[in-house]
Amino acid sequence: MSAPQGLEIELPRDASGFVRRQCPSCLRIFKTRPSRFDARSLQRRLLVMFPFENPHEGYEPVPTWTCFYCGHQADADEWLVRDHVAYLESLARGLANHVRYEQLAHVTRTLSLNPRPTFVAVPPEALPQGMPDEPEDLRPLYLVCCADDVKALWDWDGPFYCPRCGAHHGGLAGRQQVHLEFIQE
Ligand SMILES: [Zn+2]
Ligand SMILES: [Zn+2]
(Lines give C-alpha, C1' and ligand atoms only; values in the text may rest on other atoms or scores of the structure.)
(Ligands and ions follow the chains in the order given, each with its own letter.)
Protein backbone atom coordinates (compact mmCIF):
# COMPACT_ATOMS: atom_id res chain seq x y z
CA MET A 1 0.00 0.00 0.00
CA SER A 2 1.21 3.48 -0.76
CA ALA A 3 -0.07 7.01 -0.32
CA PRO A 4 -3.04 7.78 -2.58
CA GLN A 5 -2.10 8.95 -6.02
CA GLY A 6 -3.90 10.78 -8.78
CA LEU A 7 -5.95 12.70 -6.27
CA GLU A 8 -8.64 14.76 -7.95
CA ILE A 9 -10.15 17.75 -6.25
CA GLU A 10 -12.58 20.17 -7.77
CA LEU A 11 -14.44 23.26 -6.62
CA PRO A 12 -18.16 22.47 -6.28
CA ARG A 13 -20.59 24.10 -8.73
CA ASP A 14 -24.17 25.13 -8.12
CA ALA A 15 -27.05 23.95 -10.32
CA SER A 16 -26.34 26.76 -12.82
CA GLY A 17 -22.67 25.86 -12.98
CA PHE A 18 -21.25 28.70 -10.86
CA VAL A 19 -18.42 28.46 -8.34
CA ARG A 20 -18.49 30.36 -5.05
CA ARG A 21 -15.70 32.90 -4.37
CA GLN A 22 -14.94 35.07 -1.39
CA CYS A 23 -13.06 38.34 -1.44
CA PRO A 24 -9.99 38.10 0.80
CA SER A 25 -10.42 41.79 1.67
CA CYS A 26 -14.14 42.60 2.20
CA LEU A 27 -15.10 38.90 2.66
CA ARG A 28 -18.22 39.31 0.51
CA ILE A 29 -19.39 36.36 -1.56
CA PHE A 30 -19.91 36.23 -5.32
CA LYS A 31 -19.83 33.50 -7.93
CA THR A 32 -18.19 33.13 -11.30
CA ARG A 33 -18.08 30.43 -13.91
CA PRO A 34 -15.41 27.80 -13.22
CA SER A 35 -11.96 28.97 -14.25
CA ARG A 36 -9.37 26.88 -16.03
CA PHE A 37 -7.05 28.10 -13.27
CA ASP A 38 -9.17 26.63 -10.45
CA ALA A 39 -7.21 23.37 -10.33
CA ARG A 40 -3.91 25.23 -10.18
CA SER A 41 -5.25 27.50 -7.45
CA LEU A 42 -6.31 24.50 -5.36
CA GLN A 43 -2.93 22.90 -5.88
CA ARG A 44 -1.10 26.05 -4.82
CA ARG A 45 -3.12 26.34 -1.62
CA LEU A 46 -2.76 22.64 -0.83
CA LEU A 47 1.00 22.80 -1.32
CA VAL A 48 1.28 25.56 1.24
CA MET A 49 -0.39 23.25 3.79
CA PHE A 50 1.26 20.03 2.69
CA PRO A 51 4.43 20.23 0.57
CA PHE A 52 4.69 17.36 -1.89
CA GLU A 53 7.93 16.11 -3.34
CA ASN A 54 7.82 18.52 -6.27
CA PRO A 55 6.80 21.81 -4.68
CA HIS A 56 7.71 24.02 -7.61
CA GLU A 57 4.83 22.53 -9.58
CA GLY A 58 2.39 24.34 -7.35
CA TYR A 59 3.77 27.73 -8.05
CA GLU A 60 2.72 28.04 -11.64
CA PRO A 61 1.40 31.56 -12.09
CA VAL A 62 -2.31 32.25 -11.71
CA PRO A 63 -4.14 35.35 -12.95
CA THR A 64 -5.17 38.25 -10.76
CA TRP A 65 -8.88 38.56 -10.02
CA THR A 66 -10.87 41.56 -8.88
CA CYS A 67 -13.55 41.67 -6.19
CA PHE A 68 -17.00 42.30 -7.68
CA TYR A 69 -17.84 44.67 -4.83
CA CYS A 70 -14.77 46.44 -3.48
CA GLY A 71 -12.36 46.15 -6.40
CA HIS A 72 -9.66 44.44 -4.32
CA GLN A 73 -7.21 42.53 -6.52
CA ALA A 74 -5.51 39.27 -5.54
CA ASP A 75 -4.12 36.08 -7.06
CA ALA A 76 -6.73 33.54 -8.17
CA ASP A 77 -5.84 31.17 -5.33
CA GLU A 78 -6.89 33.70 -2.68
CA TRP A 79 -10.61 33.58 -3.48
CA LEU A 80 -11.51 30.28 -1.87
CA VAL A 81 -14.42 30.36 0.59
CA ARG A 82 -14.07 29.01 4.13
CA ASP A 83 -15.57 25.61 3.21
CA HIS A 84 -13.04 25.18 0.40
CA VAL A 85 -10.12 26.03 2.69
CA ALA A 86 -11.45 23.75 5.46
CA TYR A 87 -11.60 20.87 3.01
CA LEU A 88 -8.04 21.49 1.82
CA GLU A 89 -6.85 21.61 5.42
CA SER A 90 -8.49 18.27 6.26
CA LEU A 91 -7.09 16.83 3.05
CA ALA A 92 -3.59 18.06 3.90
CA ARG A 93 -3.89 16.53 7.38
CA GLY A 94 -5.08 13.26 5.85
CA LEU A 95 -2.23 13.20 3.35
CA ALA A 96 0.29 13.88 6.11
CA ASN A 97 -1.19 11.02 8.16
CA HIS A 98 -0.96 8.67 5.19
CA VAL A 99 2.67 9.58 4.59
CA ARG A 100 3.51 9.22 8.28
CA TYR A 101 1.79 5.84 8.35
CA GLU A 102 3.80 4.67 5.36
CA GLN A 103 7.00 5.73 7.06
CA LEU A 104 6.08 3.95 10.32
CA ALA A 105 4.87 0.88 8.46
CA HIS A 106 8.14 0.78 6.58
CA VAL A 107 10.06 0.88 9.86
CA THR A 108 7.82 -1.86 11.25
CA ARG A 109 8.41 -4.00 8.18
CA THR A 110 12.18 -3.60 8.30
CA LEU A 111 12.12 -4.33 12.04
CA SER A 112 10.19 -7.56 11.47
CA LEU A 113 13.18 -9.61 12.60
CA ASN A 114 13.29 -7.66 15.80
CA PRO A 115 11.81 -9.90 18.55
CA ARG A 116 10.53 -6.88 20.49
CA PRO A 117 8.84 -4.36 18.19
CA THR A 118 8.22 -1.18 20.12
CA PHE A 119 5.27 0.18 18.21
CA VAL A 120 2.59 -0.72 15.70
CA ALA A 121 1.66 1.61 12.85
CA VAL A 122 -2.08 2.34 12.96
CA PRO A 123 -3.65 2.76 9.51
CA PRO A 124 -4.91 6.34 9.01
CA GLU A 125 -8.52 7.21 8.29
CA ALA A 126 -9.58 7.48 4.67
CA LEU A 127 -9.00 10.85 3.05
CA PRO A 128 -11.97 13.24 3.28
CA GLN A 129 -14.57 13.02 0.55
CA GLY A 130 -15.05 15.90 -1.87
CA MET A 131 -16.14 19.38 -0.97
CA PRO A 132 -19.69 20.12 0.22
CA ASP A 133 -22.40 20.67 -2.38
CA GLU A 134 -22.81 24.22 -3.62
CA PRO A 135 -26.33 25.65 -3.13
CA GLU A 136 -28.12 27.52 -5.89
CA ASP A 137 -28.15 31.13 -4.67
CA LEU A 138 -27.21 34.73 -5.44
CA ARG A 139 -28.32 36.97 -8.29
CA PRO A 140 -27.17 36.25 -11.87
CA LEU A 141 -25.78 39.22 -13.78
CA TYR A 142 -24.29 39.68 -17.21
CA LEU A 143 -20.94 41.40 -17.66
CA VAL A 144 -20.73 43.15 -21.01
CA CYS A 145 -16.97 43.69 -20.75
CA CYS A 146 -16.10 39.99 -20.86
CA ALA A 147 -19.41 38.65 -22.25
CA ASP A 148 -19.54 36.53 -19.11
CA ASP A 149 -21.93 35.79 -16.27
CA VAL A 150 -21.40 36.40 -12.58
CA LYS A 151 -23.60 36.06 -9.51
CA ALA A 152 -23.73 38.61 -6.72
CA LEU A 153 -25.62 39.45 -3.54
CA TRP A 154 -29.25 40.39 -4.18
CA ASP A 155 -29.10 43.61 -2.21
CA TRP A 156 -26.01 45.00 -3.93
CA ASP A 157 -27.06 47.89 -6.15
CA GLY A 158 -23.93 49.99 -6.19
CA PRO A 159 -21.12 50.11 -8.73
CA PHE A 160 -19.25 46.88 -9.25
CA TYR A 161 -16.17 45.38 -10.87
CA CYS A 162 -15.71 42.56 -13.33
CA PRO A 163 -13.88 39.82 -11.42
CA ARG A 164 -12.02 38.75 -14.52
CA CYS A 165 -10.87 41.96 -16.24
CA GLY A 166 -11.34 44.41 -13.38
CA ALA A 167 -13.53 46.79 -15.42
CA HIS A 168 -15.53 49.19 -13.28
CA HIS A 169 -19.27 49.32 -13.96
CA GLY A 170 -21.93 51.74 -12.79
CA GLY A 171 -24.87 50.90 -10.52
CA LEU A 172 -26.99 47.86 -11.30
CA ALA A 173 -29.96 48.09 -13.67
CA GLY A 174 -33.30 48.91 -12.14
CA ARG A 175 -32.07 52.03 -10.43
CA GLN A 176 -31.03 54.97 -12.47
CA GLN A 177 -28.16 56.69 -10.77
CA VAL A 178 -26.74 60.03 -11.66
CA HIS A 179 -23.25 60.78 -10.55
CA LEU A 180 -22.13 64.36 -10.41
CA GLU A 181 -18.43 64.81 -10.01
CA PHE A 182 -16.84 68.10 -9.22
CA ILE A 183 -13.17 68.54 -9.66
CA GLN A 184 -11.65 70.68 -6.97
CA GLU A 185 -8.63 72.66 -7.87
ZN1 LIG B 1 -14.05 42.73 -1.80
ZN1 LIG C 1 -14.66 41.95 -17.70
For Glu102 and Val85, calculate 0.36 nm times their separation in residues minus their Cα-Cα distance, and state this gained length in nm to one decimal. 3.6 nm
Please calculate the 1.4 Å probe accessible area of Asp155, with all protein chains present, and give it to the nearest 10 Å². 130 Å²
Local charge sum around Ala86 (other residues, Cβ-Cβ under 12 Å, Lys/Arg +1, Asp/Glu -1)? +1
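The values are calculated or read from the model by the stated rules, or taken from the named source; none is laboratory data. The structure presented is a predicted model; accordingly, all values stated were derived computationally and were not measured. Reconstructed Cβ throughout: ideal geometry from the backbone, glycine too, with neighbour counts over all protein chains shown. The accessibility values were calculated without ligands, DNA or RNA, using every heavy atom of the protein model including side chains. Shrake-Rupley method; radii C 1.70, N 1.55, O 1.52, S 1.80 Å.
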